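*Asks:* I am attaching a structure below and will ask some questions about it afterwards.
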Amino acid sequence: MNFAVIGCGVISGRYLQNAPMFRGVKIVACADLRPEAARKQAKAHGIKAMSVSAALKSDAIDGIINLTVPNAHFAVSRRALCAGKHVFSEKPLSVLPREGRALVELADKHKLGLGVAPDTFLGPGQRYARSLIEGGKTGRIVAASAFLMSRGMEHWHPDPTFFFKPGGGPVLDMGPYYLTALINLIGPVRDVMALDGMGLAERIITAEGPKKGEAITVETPTTSLATLRFANGALATLALSWDVFQHGHRPLELYGTEGSLRVPDPNFFGGDVEFAAAREPWSVTATAGQVTGKPNHPDINPQFANYRMLGVAELADAVRHKRQPRASGALGLHVLDVMDAILRSGRTRKLVSITGGAQPAAFSEAEVAALLVDPQATRG
C-alpha cells in the first residue's frame, strides 16, 4: 500500500526513516504547503515531492499520512477520505469531537481505513503490561495515576506558537499518549471532572532560530488536573502540565486488587515494566529484547524505542483483512471525547459524562513481528 506524507515538519522525519522497516507499506511521496519543506524531505529519503492536491489526486497513492498541525487535521483528513484515500493521522484526530465524529462516519461510509496516533501502545512496554493485567497478575484494576509534567517546548522548538493557542495545550498535544494508554489497559472512560490553569500568560521563545526572543501570548490552559472514571469502575488521576521544571512522578501506574503495575512512558514504545504482587517488592522486566523494543532514538546514543509507522502498517494490514485497526479512528474519537470533556469540565467546574468507546484488541508479539521486514533488528 503506497502512502504519501502530508506535512513535512519535525515528526515527518521519523515516519520516513522508519517506513522501510515495515512490510506492506511504502511512503512514495510527500507534500507540504511549503514546497521547500517537501523538496527537502523528498531529497533526504528518495521519494517524490508533490503538491497536496496532486497527492490526493494520484492513482498511485492509496493512503495519506496526515502530519499537519492539529488545527489542520480535520480538513486534510476529510479531503483525503473524500478523495478515496485511507488515512493515518497524527494525534489528535481533530480538535473538536464533532469533526472527529464526521471523519469516522466518512471513513465508514466510503469503507476506508482511518487510523490515528499514538501507536506507541502497540509497543512492547504496553503489550507486556496488558498481558500481566489480562493474565490476572494485578487482579481487577481499581485505580491509576498518570503524569506528564514539563516546562513546555519554547526552549527547543523553533516555532512553538501553535502549542499555546486554541487547539494546542498539553491536553490535546500530550493527552492522547496517556489517555490511549489508559484506555488500552483499562477500557473506555465514562466520567470526567477537571480543574485547569495557566502558569504563565506569556512565553518567550529561547530555541535557536528566526523567532528566538519573540513572545507568545498563551491562550489555552497549560496545567490540567483531571479525575477519570472508567466503565469498569476504576478511577484515575491524570495530570498534564507545561508549567513544571522538575518532578518525581512516574508516567503511569495502575493499582489492582492483587498488585500494582508501573508502565513505561507512553510517548515511546519500549521501556521497563515494573510489577509488585500485593506487598512484595517491585520486580522489573526490560522489554528491549522484545520486537520494537530496541532503543533507536535519538539516532546518536539512542535511549528510547521509537517505531512510529507501526500504526500505519497495522492499519494497512487491517484494510487488507477487512478488520478494525487497533489505532483506529474510533479509538482516536473516544480519546478526543475524553480530552474535550477535560477541557469543558475545567471551564465549567462540572462533571462531564461520555458514552461510546471500546478497548482495542490486544496485540501479540507474533502479530507485530509479521508486520516487520526484519523483526530481529528491532530487538535489543
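Values quoted throughout were computed directly from the atomic coordinates according to the rules given, and no laboratory measurement underlies them. Please read all numbers here as calculations on a predicted model, not as lab measurements. We place every Cβ from the backbone using ideal geometry, glycine too, and count neighbours over all the protein chains shown.
*Asks:* Please state, as a whole number in µm²/s, the translational diffusion coefficient that the Stokes-Einstein equation yields for segment 2-116 at 10 °C and 1.306 mPa s, with Rh defined as the Kirkwood radius across alpha carbon pairs.
*Replies:* For these conditions, the coefficient is 114 µm²/s.
*Asks:* If you don't mind, there's one more thing I want to ask. Under a 5 Å amide H to amide H cut-off, with H placed in plane at 1.01 Å, what residues pair with SER89 once short-range neighbours are removed?
*Replies:* ASN66, GLY115, VAL116, ALA117
*Asks:* Follow-up question, since we're still on this one. Per residue of segment 356-365, what does 6.51 cos²θ - 1.76 cosθ + 1.60 with θ = phi - 60° give for ³J(HN,Hα)? Whole Hz please, x for Gly and Pro, Karplus curve as stated.
*Replies:* Taking θ as phi minus 60°, the curve returns x, x, 7, 6, x, 5, 4, 10, 8, 4 Hz for segment 356-365.
*Asks:* Right, here's the next one. I want to check the label-to-label distance for GLU134 and ASP272. Put each point 7 Å from Cα in the C-beta direction and report it in nm to one decimal.
*Replies:* Distance between label points: 2.6 nm.
*Asks:* What longest region of the chain stays clear of GluC sites (Glu not before Pro) that DSSP places outside H, G, I, E and B and that have at most 16 other Cβ atoms within 10 Å?
*Replies:* Counting at most 16 other Cβ atoms within 10 Å as exposed, the longest clean stretch of the chain is 1-207.
*Asks:* Sort the following peptides by mean Cβ neighbour count (other Cβ atoms within 10 Å, averaged over residues), highest first: 260-271, 163-174.
*Replies:* The packing order, highest mean first, is 260-271, 163-174.
*Asks:* Which number gives the lysine pairs in segment 1-121 that have C-alpha atoms under 23 Å apart and are eight or more places apart or on different chains?
*Replies:* Within segment 1-121, the lysine pair count is 19.
*Asks:* If you don't mind, there's one more thing I want to ask. Under a 5 Å amide H to amide H cut-off, with H placed in plane at 1.01 Å, what residues pair with VAL218 once short-range neighbours are removed?
*Replies:* It is GLU202, ARG203, by chain and number.
*Asks:* Here's a follow-up. Quick one: which residues, 5+ away or cross-chain, put their amide H under 5 Å from the amide H of GLY152? H built at 1.01 Å from N.
*Replies:* VAL244
*Asks:* Could you tell me which of LEU254, THR217, GLY115 has its Cα farthest along the dipole of the chain towards the positive end, charges placed at Cβ (Lys, Arg +1; Asp, Glu -1), taken about the Cα centre?
*Replies:* GLY115
*Asks:* Of the labelled options (i) 59, 49, 45; (ii) 57, 53, 44; (iii) 65, 47, 45, which one gives Cα extents along the principal axes in Å as computed for this structure?
*Replies:* Here Cα extents along the principal axes in Å agrees with entry (i).
*Asks:* Can you run phi through the Karplus equation (6.51, -1.76, 1.60; θ = phi - 60°) for segment 312-320 and list ³J(HN,Hα) in whole Hz, with x for Gly and Pro?
*Replies:* The phi angles translate into 5, 5, 5, 4, 4, 5, 5, 4, 4 Hz.
*Asks:* Can you compute 3J(HN,Hα) from phi for each residue in segment 142-157, using the Karplus curve 6.51 cos²θ - 1.76 cosθ + 1.60 with θ = phi - 60°, rounded to whole Hz and x for Gly and Pro?
*Replies:* 10, 7, 7, 9, 9, 9, 10, 9, 8, 9, x, 9, 5, 8, 10, 8
*Asks:* Between ARG320 and LYS211, with labels modelled 7 Å along Cα→Cβ, what's the label distance in nm to one decimal, could you check?
*Replies:* The modelled label-to-label distance comes out at 4.0 nm.
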